[in-house]
Amino acid sequence: MEISSLDDTIIDIVNFFESFCIVFNQYANIIFIILKYIFVIVLIGSGILTLLKARGIYFRTRAFSSEKDDNKTDPLTKPRLILGTVYIVVGSGILFNYLTYFLIWFLDPLPDRLIFSLINLIDIDPYAINRITDIHLAIYPHEKTLYYIIAMSSFGSTVHFILTIWYFLSKPKNPRKVVINMFIVVPECVLFGFTTFMPFML
């Protein structure tokens, strides 16, 4: 009786876990659509702010410079203009999906998604590993849940990377903090992948 009761408890726990994963997967599908529009707003907003700041610095430098050093301008003005324009174009492209397809194709050769290589080191059924590393091969809800969690981490690290670049070109008061952020976020992007989340935003 005790063994049977223990088995029933384990089965109940497994069933609850799988039910939770099903609900989480439904939530993940919805949240990725919301994250898409947040991502677009962040990109376009960062681009507009960068262009406005570059424009303000340019005109302020021109207004207060003397004739002797009239040609001296902030060396980061042009990079800011380029970065602001790129952010706006990328945000618009992701909003209308065409750039998402391009980025998936263009960034696919990158040696990222290291976390899947780490999962492969686990001594379990290789077929189960394939189902974890490719959501289209997943059979059980918890396999999809693990992939969704990795994709969310990929989204977070990619946004972190974009904002770090923007902050760097905004002449931060603490450049050391920006450099430390960059050393943190690049390994994050390599670990979780730059494009892992993108198919869920189409």
TODO: With respect to residue 82, determine if the residue is at pLDDT 80 or above and under 22 Å from residue 159 (Cα atoms).
DONE: yes
Open item on the list: When the residues of segment 99-117 are narrowed to those that are farther than 14 Å from residue 191 by Cα and without any contact (Cβ under 8 Å) to a residue 40 or more places away in the chain, which ends up surrounded by the fewest Cβ atoms within 10 Å (Cβ to Cβ)?
Closed with: 109
Open item on the list: When you check residue 164 against the structure, is it of a type in the set (Ser, Thr, Tyr), farther than 19 Å from residue 104 by Cα and either without any contact (Cβ under 8 Å) to a residue 60 or more places away in the chain or touching a Ser or Thr at 6+ places or on another chain (Cβ under 8 Å) (or both), yes or no?
Closed with: yes
TODO: From (1) of a type outside the set (Ser, Thr, Tyr); (2) surrounded by fewer than 16 Cβ atoms within 10 Å (Cβ to Cβ); (3) without any contact (Cβ under 8 Å) to a residue 24 or more places away in the chain, pick out the condition that doesn't hold for residue 199.
DONE: (3)
Task: segment 78-92, residues that are closer than 17 Å to residue 164 by Cα and aliphatic (A, V, I, L, M) - done: 81, 82, 83, 86, 88, 90
Open item on the list: Considering only segment 173-187, I want to know if a residue exists there that is at pLDDT below 80 and outside any loop (DSSP other than H, G, I, E, B).
Closed with: yes
Open item on the list: Take residue 39 and tell me if it is of a type in the set (Phe, Trp, Tyr), modelled with pLDDT under 90 and surrounded by 14 or more Cβ atoms within 10 Å (Cβ to Cβ).
Closed with: yes
Open item on the list: Taking the criterion of being in a helix (DSSP H, G or I), among the hydroxyl-bearing types (Ser, Thr, Tyr) and buried (at least 18 other Cβ atoms within 10 Å of the Cβ), would at least one residue in segment 122-137 satisfy it?
Closed with: yes
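The values are calculated or read from the model by the stated rules, or taken from the named source; none is laboratory data. All values reported here derive from a predicted model rather than from experimental measurement. For neighbour counting, all protein chains shown are included, and Cβ atoms are generated from backbone atoms with ideal geometry for every residue, glycine included.
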